[in-house]
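Here is the structure we will look at.
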Amino acid sequence: MKRNNELNRIDSTAYGLSARTNPVKRNDNSIAIVIDRKSRKVMKDFDRILQIVDHVQQKDKHLTFVVATPAPVCSKTKKALKSKKILTISPSDI
């Protein structure tokens, strides 16, 4: 993974998101939503991710999304993310 200062961070407030949200522009036409927490990702996280995606897509409809997290993601959440065409990746793959 690149160092934090080398990542192409996006100003989250420009999309109406919380300043604590960490979107990162990837080389392709996608945005990685970085969730740097060790605890397991569950359906409540899925709801929050969808809210973030909706906010960003209101301004840029052409973007695709991935979720970058070092924590395990429950199978139900993985399936739900995949149904919305949102991939899960390791932070080292950004």
Practice prompt. Please get the size of the charge dipole for the chain, origin at its Cα centre, with Cβ charges of +1 on Lys and Arg and -1 on Asp and Glu, quoted in debye to the nearest 20.
Written response: 380 debye
Response to the item:
Per principal axis, largest first, the Cα atoms of the chain extend in Å by 30, 29, 24
Worksheet item: Can you sort Lys25, Lys61 by how many other beta carbons sit within 10 Å, fewest first?
Response: Lys61, Lys25
Worksheet item: Out of residues 5 or more away from Val67 or on other chains, whose amide H comes under 5 Å of its own, with H placed 1.01 Å from N in the peptide plane?
Response: Ile33, Leu87, Thr88, Ile89
Fill in: From phi via Karplus (6.51, -1.76, 1.60), per-residue ³J(HN,Hα) for segment 58-73 in Hz, x at Gly/Pro
5, 9, 10, 6, 7, 6, 10, 10, 9, 10, 9, 8, x, 7, x, 10
Worksheet item: Where in segment 18-34 is the amide nitrogen less than 16 Å from a point lying 7 Å along the Cα-to-Cβ axis of His62?
Response: 26-31
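None of the figures in this text is laboratory data; all of them are computed from the coordinates on show. Nothing here was measured: the structure is a model prediction, and the numbers come from that model. Note that we place each Cβ from the backbone using ideal geometry, even for glycine, and neighbour counts take in every protein chain shown.
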